[in-house]
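Each remark here refers to the structure printed beneath this line.
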Amino acid sequence: MSDPIRVPDHAAAPARYREGPASLADLLDRVLDKGLVIAGDISIALLDVEVITIKVRLLIASADKAEELGIDWWRNDPHLSSEARETQDRNRELQRRVEELEARLGGSDGGPAEEQTGEAEDNSG
Amino acid sequence: MTDEARACYVYGVAAPGVDGLGDAAGVAGDEPVRTVVAAGVAAIVSDVPLEEFGPSAIGDRLEDPTWLAPRVRAHDRVLQRALNAEALVPFRFCTILPGEPEVRDFLARYREPLGTALARVAGKREWGIKAFLDDRMLVDHVRAATPEGEAADGGGAGGGTGTAYLLQKRRDRALLAAMDAARDAATRYCHERLAAAAAEATTSPPQPGDATGRDQPMVLNGAYLVAIAGEREFAGAADRLADEFADRGFTFERTGPWPAYHFADVTLGQEGR
């Protein structure tokens, strides 16, 4: 009756569902948005939850775009020994992605967003 | 400005006896991650420079993905190391106390709610299950299950084009409604089945396509607190759903184990006002 069930071993990611490394979106959702909170009169740098969530919503898109484009600055692990080859590979990949994206955008006027956030609020004290 | 000024970044609290933190890299580079124990609870901390993490400095940094992303990863990485603890309550990003004495005070003063939060997650870990839906497959499934669906193929040419158009419109609308109902019912069913194999369960809004990089929309973004002893059962439940719903266009993605981020929804320190 019991077929072999795999649990936390990542060894052979099987057919039926994907198990990948956590995406940045998964991490941001959890680390910034969840977890126990200590209120401001104790903690010295409590973040305003509302503000941060809004910012993060904007960021998720841009950060994962960057990841998609291969600009994975946050993965700069110190094993970048063969830097030259890496850069070359990356450039080639970037070019491919750009072409792909351009093709996908096709006719639509996908200008780089009219995010004129408006009045520059100066809240210097 | 003394660039010596430091504070204590708190990643979370654990049952005492948490280990494996020795060489973990924290949010501020080389500063070692350590525990501060008081009142029978261990806070997982590392020092951070106020110059970088202080209230006045941090606002702008949050908007800078090159600053934020690696530190968010570091926060999680440290907590992942502590997952071996009997119980682990993750704190929100950038919870910072002035220093070690304040951390001890905090642990002692909030011993009770911290104990409750730890007991809630003891022996359990969080798993994420996301479901994505390929509408084209669901539409086939819904068509097959709807009697009018069959008529829709044959009956176009009869009346005038206007009538045919209206009929088609009506059928489209009915199909869309049936699709919505089928999607909602299936999603709810999946969540309930997973929740039944978990100690606690919650859902978050589906992530946008920008964040998932997938063509199919996310229809379920669930988090499940699962007893370690019950993880096989939980994985089995997810497997069965994946089998059951594959022909309706559902695919599933599992992440984890996570610290119990979704099950640490407690705010401490507000009573003083």
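Please arrange B:94, B:8 by how many other C-beta atoms lie within 10 Å of their C-beta, fewest to most. Intermediate values should be presented prior to the final figure.
Values: B:94 26, B:8 22.
Ascending number of Cβ neighbours within 10 Å: B:8, B:94.
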* To do: List the residues whose amide H sits under 5 Å from the amide H of residue B:250, counting only those 5 or more places along or on another chain, with H placed 1.01 Å from N in the peptide plane.
  => B:134
* Structure fact -> Sorted by chain and then number, the residues having a modelled amide H within less than 5 Å of the amide H of residue B:219, at least 5 places away or on another chain, are B:131, B:132, B:133
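Going by C-beta contacts inside 10 Å, put B:191, B:141, B:75, B:262 in order with the fewest on the left. Working shown, then result.
Numbers: B:191 20, B:141 16, B:75 27, B:262 24.
Least to most surrounded, the residues fall as B:141, B:191, B:262, B:75.
Taking 25 Å as R0, compute the FRET efficiency from the Cβ-Cβ separation of residue A:101 and residue B:172 and round it to 0.05. If you can, show how the numbers build up before the last one.
Details: r = 32 Å, r/R0 = 1.27.
The computed FRET efficiency comes out at 0.20.
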* To do: Return the distance in nm (one decimal) between the two label points of a simple spin-label model at residue B:37 and residue B:232, each offset 7 Å from Cα along Cα→Cβ.
  => 3.3
* Structure fact -> HN-Hα couplings for segment B:33-39 via Karplus (6.51, -1.76, 1.60; θ = phi - 60°), in whole Hz with x for Gly/Pro, come out as 8, 9, 10, 10, 10, 7, 6
* Structure fact -> GNM of chain B, Cα pairs under 10 angstrom: of B:134, B:47, B:60, the biggest fluctuation goes to B:60
* Between residue B:111 and residue B:61, take the C-beta separation as r, use R0 = 25 Å, and let me know the FRET efficiency to the nearest 0.05. => 0.15
* Structure fact -> Output for segment B:208-257: trypsin sites (Lys or Arg not before Pro) sitting in coil per DSSP, at most 14 other Cβ within 10 Å, listed by number, reads B:214
* **Part-to-part distance (alpha-carbon centres) for segment B:3-22 and segment B:194-273, which is given in Å** => 28
* Structure fact -> Cβ density ranking, 10 Å radius, fewest first, applied to A:94, B:79 yields A:94, B:79
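Any read-out appearing in this document is the output of simple, stated calculations on the displayed coordinates, not a laboratory observation. Keep in mind the model is a prediction, meaning the values are calculated, not measured. Backbone-built Cβ (ideal geometry, glycine too); neighbour counts: all protein chains shown.
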